[in-house]
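Before any comments, here is the structure.
The values are calculated or read from the model by the stated rules, or taken from the named source; none is laboratory data. Not measured: the values here are computed from a predicted model. Methodologically, a virtual Cβ is constructed for each residue, glycine included, from the backbone with ideal geometry; neighbour enumeration extends over all protein chains shown.
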Amino acid sequence: MSPTDQQLERKRFMLYNLPYVLLYVAAFGLVALTAHNAADTSTYWQMFIPLMALVSILGGWRWAGASGDPRWMYVARQVLHWGALILVIRLLYAHDVQDFLNDEQDSFVIIYMVGLAAVLSGIYLDWKMAVFGLFLLFSAVGMAWLDDNAMLLLIVGVVALAAVVVSLLVRGKLIARKHAEGVSPASL
């Protein structure tokens, strides 16, 4: 392969993966914003869904029509898939439902639904979208777990740090004692 072919392949690879990189960057920002202030993020998540739909359509475009169906059917299925997600999220914000969930719970439900929709889209079309959906799902789980267990994490971190310091001090004393007796420190 010539150097120009390698450059062309590298550019093609970057072009194919750039939309997914943008999704990860935007999702990381949205998850961080949700962890900080869940009440104000629902609008951002709803605006994020069309971007995900566009990336999903572009990601599966190469395989659209391969099974004999026209490409417009592929686009129609994608529009229905992501449109159904938007509809469900809009229903989530209906007045009757808002009585059951607070702002933080709403945000987590949205992240879970968006992650599930991305996983399902990825299963049927492009594996990269499925991986992105798993990233969203695990981000929500991690965010909830960290939020609920912040004190536990602090205690575990302090205990682990104390264990490391104590083991280093004990090892230092042992090395000093063995060095005084003339034994090689590497044998410890």
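Can you list residue pairs whose Cβ atoms sit under 8 Å apart, with the first residue in the stretch 163-180 being without any contact (Cβ under 8 Å) to a residue 40 or more places away in the chain and the second being exposed (fewer than 10 other Cβ atoms within 10 Å of the Cβ) and part of a helix (DSSP H, G or I)? Count only pairs 6 or more apart in sequence or on different chains.
Pairs that qualify, where the first residue is without any contact (Cβ under 8 Å) to a residue 40 or more places away in the chain and the partner is exposed (fewer than 10 other Cβ atoms within 10 Å of the Cβ) and part of a helix (DSSP H, G or I), are K178/S187.
Checking the structure you have, find out if any residue of the stretch 112-131 is over 26 Å from Y16 (Cβ atoms), under 16 Å from the mean Cα position of the chain (by Cα) and either modelled with pLDDT of 85 or more or assigned to a helix (DSSP H, G or I) (or both). I'd like the intermediate steps shown before the answer.
We begin by selecting, within the stretch 112-131, every residue over 26 Å from Y16 (Cβ atoms); these are 112-113.
From what's left, under 16 Å from the mean Cα position of the chain (by Cα): 112-113.
Adding the requirement that they be either modelled with pLDDT of 85 or more or assigned to a helix (DSSP H, G or I) (or both) leaves 112-113.
Looking for residues that are over 26 Å from Y16 (Cβ atoms), under 16 Å from the mean Cα position of the chain (by Cα) and either modelled with pLDDT of 85 or more or assigned to a helix (DSSP H, G or I) (or both), one finds at least one in the stretch 112-131, hence yes.
Residue-wise test of (1) of a type in the set (A, V, I, L, M); (2) assigned by TED's automatic domain parsing to the domain that holds F138; (3) closer than 14 Å to F132 by Cβ.
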residue: L22; (1), (2), (3): yes, yes, yes
residue: A27; (1), (2), (3): yes, yes, yes
residue: A32; (1), (2), (3): yes, yes, no
residue: A35; (1), (2), (3): yes, yes, no
residue: I49; (1), (2), (3): yes, yes, yes
residue: M52; (1), (2), (3): yes, yes, yes
residue: W61; (1), (2), (3): no, yes, no
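Looking at the stretch 52-75, which of its residues are of a type in the set (F, W, Y) and either in contact with a Lys or Arg (Cβ under 6 Å, 6 or more places away or on another chain) or closer than 19 Å to Y20 by Cβ (or both)?
W61, W63, Y74, listed by residue number.
What number goes with the only condition from (1) modelled with pLDDT under 75; (2) over 30 Å from D106 (Cα atoms) that D148 does not pass?
(2)
Here are the criteria: (1) within 23 Å of Q105 (Cα to Cα); (2) under 20 Å from the mean Cα position of the chain (by Cα); (3) modelled with pLDDT of 85 or more. Tell me which single one V88 does not satisfy.
Result: V88 passes all but (2).
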